[in-house]
Amino acid sequence: MSAPGSPNNPLCVAIIGSGPSGFYATEALLRSELAVRVDILDRLPTPFGLVRGGVSPDHPKLKQVSKVYDKTAQSPDVSFLGNVMVGRDVSVEELKAAYHAIIFSCGAETDRHLGIPGEDLKGSHTATEFVGWYNGHPDYRDRQFDLSQPAAAVIGQGNVALDVCRILSKTADELKHTDIAEHALDALAESAIREVHVIGRRGPAQAKFTYKELAELGELADCDPVVAAADLELNAASEAELAEKGSRNIVRNVELFRGFSEIKGGTKSRRCIFHFLESPEEILGQDHVEAIKLAKNALEGEASRQAARPTGETEILDCGLVFRSIGYRGIAIPGVPFDDRRGIFPNQDGRLLNGENTVPGIYVAGWIKRGPSGIIGTNKPDAFATVDALLADLARLDTSTKPGGAAILAMLADRGVRGVSYPDWQNIDSAEISRGEPKSKPREKFTRVPEMLAVLD
């Protein structure tokens, strides 16, 4: 039999994960000139991955990309199968038998560790936990955060750190018309936090914030951004970085920080305080976080290759909450090789590797392929490149006709696992939108899987 992709033998592909990279991989397959059949599997009943569960509720425009994914999902050659966890409800070997190829696009689902004493104290959390909690992600619905503390620290210099800082710093009125989860809005309305410290190991010229997100901190109703003017005195290598071609975002960020340093304050009840050239050395406390011991750093090295080195000086910062936002890593799946050091599925150009050998018919895309980098749109060329690799391998794939989703649905039925189709999701979606209307919110999310499934009953 000839290679799959003909009307008589469509190319059957299972895509694991329904976030941006999964939908972009689906789009790439649909654009090929082959006959294809794509099934997108997700462990949650809801699609769209971090667009739903990771994008901050006060950034609704970033979520509009889901309208593009919606069109992809409604193609007659695409099916969504939610509430199905690979490795628990169905094995990788069973998927290999049902499909010509598998693309893992399951993202980086957990945070990196600081690796310092006290990291596991009560009151020390990952950014993922907090972001999932206020976004109504079922995994984090029941997390509890002690918002009675007067000060919190956020470790990291990226946009997720800014999201955490901004949500902690906004008033309930600023959030109440977003799609923030109701339980989170209620808790944040009672928050006693008055200072949020954003801590980075390098300087203002190396911070990874995007200008637009950073500028928002200067527009909050009841919070002033605070930067010490002395922290904005750059070394020669950092000045050279500002002068480099393509550094416009960094230049604008430094200008913003300089503007923040001139804010006198005094009229707003909250402050967001930026700390540069400081690294957490230990989280202090008995039964609960009480403070962080910070090591002061100096930058060494040439422009764009500077490293933060401890100077030997330290300081103690009092705070009762700590959120770490220092990067993400993937989670291993039974039956799939995993690079524990990098937190990804080992691969070469999107082809899964087992040692030095490629695994026939299995591919990776998105953060589980390259690590957590870029923005939502970065996943499109990445996923397209993976699909290019898959299509180049067609002659080496199993040429037999594959049953695809029909076989998987039969297995799930035998095991009592309830799959959620795309029309099912549309019913959940409509119910959430209806729940939000009386509150002038775009939606009121269901935050537990049984609640979602109850809509379908």
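The values are calculated or read from the model by the stated rules, or taken from the named source; none is laboratory data. Because the structure is a prediction, the values reported are computed rather than measured. Please note: Cβ atoms are built from the backbone with ideal geometry, for glycine as well, and neighbour counts cover all protein chains shown. Note: accessible area is taken over every heavy atom of the protein model, side chains too, but ligands, DNA and RNA are not part of it. Shrake-Rupley method; radii C 1.70, N 1.55, O 1.52, S 1.80 Å.
Side notes on the structure shown:
- Residue in segment 418-430 that is touching an Asp or Glu at 6+ places or on another chain (Cβ under 8 Å), modelled with pLDDT of 95 or more and either aromatic (F, W, Y) or surrounded by 14 or more Cβ atoms within 10 Å (Cβ to Cβ) (or both) present: no
- Looking only at residues of segment 157-180 that are small (G, A, S) and within 18 Å of I326 (Cα to Cα), we find that the one that is most open to solvent (accessible area, probe 1.4 Å) is G158.
- Positions within segment 138-156 being polar (S, T, N, Q) and over 11 Å from V322 (Cα atoms), in sequence order: Q144, S148
- From the list R143, R112, the lone residue that is modelled with pLDDT of 95 or more, of a type in the set (D, E, K, R) and open to solvent by 40 Å² or more (accessible area, probe 1.4 Å) is R143.
- Any hit, segment 334-344, residues being under 17 Å from R396 (Cα atoms) and modelled with pLDDT of 90 or more: no
- Search result, residues across segment 296-316 that are more than 28 Å from the chain's Cα centre (by Cα) and within 20 Å of G158 (Cβ to Cβ): N297, L299
- If the condition is being of a type in the set (S, T, N, Q) and touching a strand residue (DSSP E or B) at 6+ places or on another chain (Cβ under 6 Å), then segment 151-192 contributes only S169.
- The set of residues in segment 297-335 that are in a strand (DSSP E or B) and buried (at least 17 other Cβ atoms within 10 Å of the Cβ) comprises N297, L299, A308, L317, L321, V322, F323, R324, Y328, R329.
- Wholly within segment 131-199, helices (runs of 4 or more DSSP H) carrying at least 3 residues that are touching a helix residue (DSSP H, G or I) at 6+ places or on another chain (Cβ under 7 Å): 159-169, 182-189
- Restricting segment 261-296 to residues that are more than 22 Å from I326 (Cα to Cα) and small (G, A, S), the residue that is surrounded by the most Cβ atoms within 10 Å (Cβ to Cβ): S261
- Checking each residue in segment 212-229 for being in a loop (DSSP other than H, G, I, E, B) and open to solvent by 20 Å² or more (accessible area, probe 1.4 Å) picks out A221, D222, A228.
- Taken together, the criteria exclude F209 from residues that are aromatic (F, W, Y), open to solvent by less than 20 Å² (accessible area, probe 1.4 Å) and in contact with a Pro (Cβ under 8 Å, 6 or more places away or on another chain).
- Qualifying residue in segment 278-290 (condition: closer than 28 Å to D120 by Cβ, in contact with a Pro (Cβ under 7 Å, 6 or more places away or on another chain) and charged (D, E, K, R)): yes
- Note on segment 13-28: residues that are surrounded by fewer than 24 Cβ atoms within 10 Å (Cβ to Cβ) and of a type outside the set (G, A, S) total 1.
- Selection of segment 336-357 for residues being open to solvent by 60 Å² or more (accessible area, probe 1.4 Å), of a type in the set (D, E, K, R) and on the phi < 0 side of the Ramachandran plot yields D340, R341, R342, E356.
- Pairs, first within 16 Å of S2 (Cβ to Cβ) in segment 386-399, second part of a loop (DSSP other than H, G, I, E, B) and open to solvent by 50 Å² or more (accessible area, probe 1.4 Å), C-beta under 7 Å, six or more apart: T399/M1; T399/S2
- Under the condition of being assigned to a helix (DSSP H, G or I) and in contact (Cβ under 8 Å) with a residue 60 or more places away in the chain, the residues counted in segment 230-268 number 4.
- Residue within segment 61-71 that is buried (at least 20 other Cβ atoms within 10 Å of the Cβ) and touching a Leu at 6+ places or on another chain (Cβ under 8 Å) present: no
- Close pairs (9 angstrom Cβ cut-off, 6 or more residues apart or separate chains): within 19 Å of A161 (Cα to Cα) and in contact (Cβ under 8 Å) with a residue 24 or more places away in the chain in segment 97-125, in a loop (DSSP other than H, G, I, E, B) and aromatic (F, W, Y) anywhere: G123/F145; H125/F145
- Breaking point among (1) more than 15 Å from I15 (Cβ to Cβ); (2) at pLDDT 95 or above; (3) surrounded by fewer than 20 Cβ atoms within 10 Å (Cβ to Cβ), for P45: (3)
- Identification of helices (runs of 4 or more DSSP H) wholly contained in segment 344-457 with 2 or more residues that are hydroxyl-bearing (S, T, Y) yields 422-436.
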